[in-house]
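The values are calculated or read from the model by the stated rules, or taken from the named source; none is laboratory data. Keep in mind the model is a prediction, meaning the values are calculated, not measured. For neighbour counting, all protein chains shown are included, and Cβ atoms are generated from backbone atoms with ideal geometry for every residue, glycine included.
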Amino acid sequence: MTSSRTSVIDQRPMPEVHAQCARSPLAHLFTARDDGDAGVVLEEKAFLGHLTLRGDPAQPGFAEGVEAALGLALPLTPATLHQNEGGRSIQWLSPDEWLILVPGEEAFTVEKALHEALAGRYQVVNVSGGQTVISLSGDQARQVLMKSTPTDVHPRAFPVGRGVPAVFAKATLVLRRVSESEFELVVRRSFADYLGRWLLDASEEFGVCIKA
């Protein structure tokens, strides 16, 4: 396969600069808190690498190239999510679009690897600066979701490994179930404050623990 000659720029600042200056979209709101026997646990998974990938899965070498670069098979079934223990995941968004999440320090490496592994018509865009992830877990997490979204989150309809774009408290986001006890909300930076406040209010009756 012919490698891509696309120029890729590392958008993440040097570690020492990042440590001093980086501020996540919810740093002002999600400060450490524990109500004791909390039914809901909230945590911002800040500074992850977010990449959007577009291409034709039927194109020769496309699926194989993605797997070689990412270490995960390309999801071809609608609303499915593949993930590994190293913190990487790839989620089906549409027949020709996927969302890739990786640890922040790996975003540039993965982006370069995709360009090197893919050829033909495809697109990789680093959108890390425009999104963040909220983790929602706890015994009452599903109750909070049921108050917030029309998406059916019953375990029969929303098992582990499922992820969908969803309407949530009149905003839009990507809702994912990453384990039996944890959901993730991939939100735009511009919606983060609003959705964070919504989650705090919706969780109040159950008791809240915020990991910071």
Query - From the options 85, 105, residue that is within 30 Å of residue 211 (Cα to Cα), loosely packed, with under 15 Cβ neighbours inside 10 Å, out of contact with any helix residue (DSSP H, G or I) (no Cβ under 6 Å at 6 or more places or on another chain) and without any contact (Cβ under 8 Å) to a residue 40 or more places away in the chain - result: 85
Requested in this report: Can you confirm whether the range 60-74 contains a residue that is surrounded by 15 or more Cβ atoms within 10 Å (Cβ to Cβ) and within 30 Å of residue 37 (Cα to Cα)?
Outcome: no
Query raised in the report: Residue check: is residue 107 aliphatic (A, V, I, L, M) and in contact with a strand residue (DSSP E or B) (Cβ under 8 Å, 6 or more places away or on another chain)?
Result: yes
Query - Candidate set: the range 115-155, residues that are touching a helix residue (DSSP H, G or I) at 6+ places or on another chain (Cβ under 8 Å) and among the hydroxyl-bearing types (Ser, Thr, Tyr); chosen: the one nearest to residue 190 (Cα to Cα) - result: 132
Report task. State yes or no: is residue 188 closer than 17 Å to residue 29 by Cβ, surrounded by 14 or more Cβ atoms within 10 Å (Cβ to Cβ), charged (D, E, K, R) and at pLDDT 95 or above? Result -> yes
Query raised in the report: If we keep just the residues of the range 48-76 that are over 18 Å from the mean Cα position of the chain (by Cα) and of a type in the set (D, E, K, R), which is nearest to residue 118 (Cα to Cα)?
Result: 64
